[in-house]
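Report on the following structure.
The values are calculated or read from the model by the stated rules, or taken from the named source; none is laboratory data. Note that the coordinates shown come from a computational prediction; the quantities given were computed from them, not determined experimentally. Reconstructed Cβ throughout: ideal geometry from the backbone, glycine too, with neighbour counts over all protein chains shown. Accessible surface areas use protein heavy atoms only, side chains included; no ligands, DNA or RNA. Shrake-Rupley method; radii C 1.70, N 1.55, O 1.52, S 1.80 Å.
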Amino acid sequence: MRNWFNKGEHWIWFSASAVSVSVVLVFGLLAMIAYKGLLHFWAHDVYVYPVSTANGQVEEVVGELHDTKFKLMADENNPKVMHEVPEYLIKTGNRDVYGIDFKWINSKNIDLSQIKLADDITVIERYEWGNVYGHLASLTLDGKLIASGADVKDKLQNLVEKSNVLLDKIHHIEKSVMGSINYQIEELRLEEKKLRANKEYHGEAKAEVEEKRAELSEAFIKQQASMQELYKQADVLGEVVLTIAGDQKIAVKIRQIVRFWQPNNMSMLEKLGFFFSSIGHFLTEDPREANTEGGVFPAIVGTVTMVLLMTVLVTPMGVLAAVYMSEYAKNGPVLRMVRISINNLAGVPSIVFGIFGLGFFVYILGGSIDDLFYGYAAPSPVFGTPGLLWASLTMALLTLPVVIVSTQEGLSRIPRSLREGGLALGATKFETITRIVLPMATPAIMTGLILAIARAAGEVAPLMLVGVVKLAPELPIDFNAPFIHLENKFMHLGFHIYDVGFQSPNVEASQPLVYATSLLLVMIILSLNLGAIMIRNRLRERYKALDN
Amino acid sequence: MSELKKFSMESASDKLRLEDEKIAIEVKDWNLYYGTKQALHGITMQLPENRVTAFIGPSGCGKSTLLRCFNRMNDLIDTVSVEGSILLHGEEMYSKRMDVSALRRRVGMVFQKPNPFPKTIFENVCYGLRLQGIKDKQVLDETVEWALRGANLWEEVKDRLDDNALGLSGGQQQRLCIARAIAIKPEVLLLDEPTSALDPISTLAIEELIFDLKKTFTILIVTHNMQQAARVSDYTAFMYMGDLVEYTDTDSLFTNPKLKQTEDYISGRYG
Ligand SMILES: Nc1ncnc2c1ncn2[C@@H]1O[C@H](COP(=O)(O)OP(=O)(O)OP(=O)(O)O)[C@@H](O)[C@H]1O
Ligand SMILES: [Mg+2]
């Protein structure tokens, strides 16, 4: 035993257990998020819960079981004894009828043996007002019956497909075509403002602007008309009527339907298909209902654009600073001070960077840019307001220390003999650095960027101050030149999680979405990092023989 | 027997004498300090053109330091300060007007440890040319071939010029570094223990190479190997503790050293 201690075996055991605890924690966390998040996309079975009410009657609650919690309640006979009584959270949907989507029921009020699957229950996902749970009754158009009974399901399927085709067309016109026209009209408006400010808005210039505007308005009106036409076509698809608990009826317009399914009648394979199509919807659609439903596409685009732009900004800044400090600056107290400051910069809370970004970038820098170049747009700011560029710059600043430190480390690892080899061939110091030293330091620079990306993609607090919004009307990248709109506000997955999970009116409903979005954020950070790591490994391969 | 005698007589008759040589580099009263520590003490010597001059002496005596003075490599060390003058073909190396990069193109250097760049063999050799802005593919191709042939490496690498230079063996890498140095056609070539990291066969290859190269270049070589100095050099300088102790033609120095110190060293009694 003593021998065992002397050999230091216990330290090996200690560190091994520390490592395994960390691994278990990391994987546990990921597994938990993945499980809860992916559950969101599953077609859950719908049950009927017979709930006895206070006046002795039995009321049927139809819905999916969402959560179970245990509540401490006193025993009826002996108030001193406490029991843990399960309570069930049931998603009942039909918000327009019941007022809320969710209902807590206490297990004391139900006979557990009486809970059964709801036969032929249909769930309809709507563009507004959430899900409907009910039994298909009939299809009507303007009050006239089109179909009833067994026909309804197939007909409905048909109609929903038609409506989705129409809605896609409408969406395309609205977002791409009219969006582009709107963008041009806005440009024209600014052009006019500029001309007016320069007192040049007369004669030919004026005529030109007016002609263009007339053209654009005409195009706009034309598009609007074709959209109206499509809306009309969607309207005449009719509505579907469902029976819900207590023989109430709900009518849902076909064009309101995203999709519908009958979970209790689905096979495992169908459920899997539904699962993947749900994930597809989640990844590619815009959010609806104050972000609590629909997809997160704009947030994905926003996050990725911001991170990539940040990378583009932080790389030259960090590399130049590192090269100056380790190759040119004379070692001395000043350099030491700068080093210490940089290291401490890494420890400054991120919100402080946010405040700095808002105060310096947005108000001072952005304000001056507006004064200098966009005076004609006043009083509405262009760059003097939070936006993509400022968010990326703030993040670049936040991650600068990591990039500097790892670049410096990389530079210091390049053997002196190689620099001397370059210099001995008549290269200047600058040539040696750009042609030999820096290319060889790229793997280290990539390491810095990997750390920077990991940090930037997960940061939310500073972004809330400098450009992230709950709902951005436009994407930061689109098909209108110049394709990337640095002044636009944007959505971000991290902020989306916060907003959906803690700011939405319907916190219960959105909880699975929070997990799903978290999972997505982790996946995006992982894949960005994997991409960077792959590039780094290829670079390392090229310079690998150096290590000996 | 008679032949041997004839040979020695012949070699005695055309014995090399410094006074007859054209001088490439002239060192006058040269002092060098690392901070306050003096590493070279008043070195004065003349280095002949198109000859091989060897520097020998015990470790730490300042051979590398002196060699690095000839292409101003010591400028890179912040603490170094120098006094005196070194003339390259009559031109002061350490004058303010001297373009150091241009000087280093005229005085090439090969280091003790091979230091090829992590690039292709081809790019390594034409690195110096590219620095001079030469882009003409034909000129580059020709020069690379010439330099690699000159460094006795062409036959081994001609089929894999686009491979990474780090994949070559140590001896090949060293010859590549020599090719890289001669590709820019310097006037003087400095070799600091070029074979100390190599096996006997590579060493032999490089020694033969030095013999060929001296037709075109003035060569200064630092070595710890007495036999090598005796084999390859025309002149030899013996240094001790930062002083130039004895400097004369190689034959005389090895067969008939004037000072006891030199004799002790070359006969291996210390060092
Ligand atoms: N960068 C430096 N800073 C301070 N002192 C140095 C430096 N380089 C060399 N020296 C000192 O200068 C002296 C001469 O060193 P140098 O490297 O020229 O010796 P050398 O003759 O080449 O030795 P070796 O045969 O071991 O290579 C030594 O005493 C060494 O400690
Ligand atoms: Mg040395």
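Out of B:Glu92, B:Glu83, report the one residue that is over 18 Å from the mean Cα position of the chain (by Cα), away from ligand 2 (no atom under 16 Å from the Cβ) and in contact (Cβ under 8 Å) with a residue 24 or more places away in the chain. Working first, answer last.
On the way: B:Glu92 fails: in contact (Cβ under 8 Å) with a residue 24 or more places away in the chain.
Answer to the check: B:Glu83.
Within the stretch B:182-201, take every residue that is assigned to a loop (DSSP other than H, G, I, E, B) and more than 18 Å from B:Arg104 (Cβ to Cβ) and give me the one that is farthest from ligand 2 (Cβ to nearest atom).
Within the stretch B:182-201, the first condition is being assigned to a loop (DSSP other than H, G, I, E, B), and the residues that meet it are B:184-187, B:193-199.
If we keep only those that are more than 18 Å from B:Arg104 (Cβ to Cβ) too, we end up with B:193, B:195-199.
Values: B:Glu193: 6, B:Thr195: 13, B:Ser196: 9, B:Ala197: 13, B:Leu198: 16, B:Asp199: 20 Å.
If we take residues in the stretch B:182-201 being assigned to a loop (DSSP other than H, G, I, E, B) and more than 18 Å from B:Arg104 (Cβ to Cβ), then B:Asp199 is farthest from ligand 2 (Cβ to nearest atom).
What are the residues in the stretch A:245-265 that are over 30 Å from the mean Cα position of the chain (by Cα) and either over 18 Å from A:Asn94 (Cβ atoms) or open to solvent by 10 Å² or more (accessible area, probe 1.4 Å) (or both), if any? Before you say what the answer is, go through the steps one by one.
If we filter the stretch A:245-265 for residues that are over 30 Å from the mean Cα position of the chain (by Cα), which is where we start, we get A:245-251, A:264-265.
If the condition is that a residue be over 30 Å from the mean Cα position of the chain (by Cα) and either over 18 Å from A:Asn94 (Cβ atoms) or open to solvent by 10 Å² or more (accessible area, probe 1.4 Å) (or both), then A:Ala245, A:Gly246, A:Asp247, A:Gln248, A:Lys249, A:Ala251, A:Asn264, A:Asn265 are the ones that fit.
Step by step: first the residues of the stretch A:1-45, then only those that are touching a Pro at 6+ places or on another chain (Cβ under 8 Å) and among the hydrophobic types (A, V, I, L, M, F, W, C), then the one that is most open to solvent (accessible area, probe 1.4 Å). Which residue is that? Spell out how you get there, then give the answer.
Taking the stretch A:1-45 as the starting set, the residues that turn out to be touching a Pro at 6+ places or on another chain (Cβ under 8 Å) are A:36-37, A:39-40, A:43-45.
The next check asks that each one be among the hydrophobic types (A, V, I, L, M, F, W, C); those that pass are A:39, A:43.
Values: A:Leu39: 66, A:Ala43: 1 Å².
That would be A:Leu39.
What residue, of B:Arg68, B:Arg51, B:Arg72, is on the phi < 0 side of the Ramachandran plot and more than 16 Å from ligand 2 (Cβ to nearest atom)?
Details: B:Arg68 fails: more than 16 Å from ligand 2 (Cβ to nearest atom); B:Arg72 fails: on the phi < 0 side of the Ramachandran plot.
Just a single option satisfies the conditions, and that option is B:Arg51.
Give, as residue ranges, the strands (runs of 3 or more DSSP E) completely inside the stretch B:209-264 that count at least 3 residues that are open to solvent by 20 Å² or more (accessible area, probe 1.4 Å) and in contact (Cβ under 8 Å) with a residue 24 or more places away in the chain. Step through it out loud before you land on a result.
Values: elements: B:218-222, B:235-240, B:243-249.
Because the criterion is at least 3 residues that are open to solvent by 20 Å² or more (accessible area, probe 1.4 Å) and in contact (Cβ under 8 Å) with a residue 24 or more places away in the chain, the strands (runs of 3 or more DSSP E) in the stretch B:209-264 that meet it are B:243-249.
Can you find even one residue in the stretch B:163-175 that is touching an Asp or Glu at 6+ places or on another chain (Cβ under 6 Å), farther than 30 Å from B:Lys28 by Cα, away from ligand 2 (no atom under 16 Å from the Cβ) and open to solvent by 20 Å² or more (accessible area, probe 1.4 Å)? Walk me through it before giving the result.
So in the stretch B:163-175, the residues touching an Asp or Glu at 6+ places or on another chain (Cβ under 6 Å) come out as none.
Scanning the stretch B:163-175 turns up no residue that is touching an Asp or Glu at 6+ places or on another chain (Cβ under 6 Å), farther than 30 Å from B:Lys28 by Cα, away from ligand 2 (no atom under 16 Å from the Cβ) and open to solvent by 20 Å² or more (accessible area, probe 1.4 Å).
With the structure loaded, tell me whether A:Gly357 is under 18 Å from A:Pro462 (Cα atoms) and surrounded by 14 or more Cβ atoms within 10 Å (Cβ to Cβ) or whether it fails that test.
On the way: under 18 Å from A:Pro462 (Cα atoms): yes; surrounded by 14 or more Cβ atoms within 10 Å (Cβ to Cβ): yes.
Yes, satisfied.
Looking at A:Leu423, A:Leu438, which is the one that is touching a residue at least 40 places away in the same chain (Cβ under 8 Å) and aliphatic (A, V, I, L, M)?
On the way: A:Leu423 fails: touching a residue at least 40 places away in the same chain (Cβ under 8 Å).
Only one candidate qualifies: A:Leu438.
Residues A:Ala299, A:Ala290, A:Ala245, A:Ala234: which one is of a type in the set (Gly, Ala, Ser) and farther than 25 Å from A:Gly179 by Cβ?
On the way: A:Ala299 fails: farther than 25 Å from A:Gly179 by Cβ; A:Ala290 fails: farther than 25 Å from A:Gly179 by Cβ; A:Ala234 fails: farther than 25 Å from A:Gly179 by Cβ.
Residue meeting the stated conditions: A:Ala245.
Please verify whether the stretch A:47-62 includes one or more residues that are closer than 18 Å to A:Trp129 by Cβ, touching a residue at least 12 places away in the same chain (Cβ under 8 Å) and in contact with a strand residue (DSSP E or B) (Cβ under 9 Å, 6 or more places away or on another chain).
Here is the first cut: in the stretch A:47-62, the ones closer than 18 Å to A:Trp129 by Cβ are A:62.
Those left that are additionally touching a residue at least 12 places away in the same chain (Cβ under 8 Å): A:62.
In the following step, the residues that additionally are in contact with a strand residue (DSSP E or B) (Cβ under 9 Å, 6 or more places away or on another chain) were identified as A:62.
Yes, because at least one residue in the stretch A:47-62 is closer than 18 Å to A:Trp129 by Cβ, touching a residue at least 12 places away in the same chain (Cβ under 8 Å) and in contact with a strand residue (DSSP E or B) (Cβ under 9 Å, 6 or more places away or on another chain).
Filter the stretch B:40-84 down to the residues that are under 27 Å from B:Gln227 (Cα atoms), touching a helix residue (DSSP H, G or I) at 6+ places or on another chain (Cβ under 6 Å) and more than 10 Å from ligand 1 (Cβ to nearest atom) and list them by number.
B:Val52, B:Ala54, B:Asn71
Just to be sure I understand the filter: pairs with C-beta atoms under 6 Å, separated by 6 or more residues or on different chains, first member in the stretch B:47-75 and within 16 Å of B:Thr218 (Cα to Cα), second member within 7 Å of ligand 1 (Cβ to nearest atom) and basic (Lys, Arg). Which pairs pass?
The qualifying pairs are B:Phe55/B:Lys63.
Can you name every residue in the stretch A:221-244 that is over 32 Å from the mean Cα position of the chain (by Cα) and among the polar types (S, T, N, Q)?
Within the stretch A:221-244, A:Ser226, A:Gln233, A:Thr243 meet the criteria.
Name the residues in the stretch A:412-442 that are at the interface with another protein chain (Cβ under 10 Å from one of its Cβ atoms), open to solvent by less than 10 Å² (accessible area, probe 1.4 Å) and over 14 Å from B:Ser101 (Cα atoms), would you?
A:Leu418, A:Ile436
Looking at the stretch B:17-32 only, could you name the residues that are out of contact with any Asp or Glu (no Cβ under 8 Å at 6 or more places or on another chain) and closer than 15 Å to B:Thr248 by Cβ?
Once the filter is applied, which keeps residues that are out of contact with any Asp or Glu (no Cβ under 8 Å at 6 or more places or on another chain) and closer than 15 Å to B:Thr248 by Cβ, the stretch B:17-32 yields B:Glu19, B:Asp20.
Testing A:Ser176 on (1) open to solvent by 80 Å² or more (accessible area, probe 1.4 Å); (2) closer than 24 Å to A:Gln228 by Cβ, one condition comes back false. Which one is that?
So A:Ser176 meets the others, but not (1).
Go through (1) over 14 Å from the mean Cα position of the chain (by Cα); (2) crowded, with 18+ Cβ neighbours inside 10 Å; (3) in a helix (DSSP H, G or I); (4) modelled with pLDDT under 90 one by one and return the number of the condition A:Phe502 breaks.
A:Phe502 satisfies all of (1) over 14 Å from the mean Cα position of the chain (by Cα); (2) crowded, with 18+ Cβ neighbours inside 10 Å; (3) in a helix (DSSP H, G or I); (4) modelled with pLDDT under 90 except (2).
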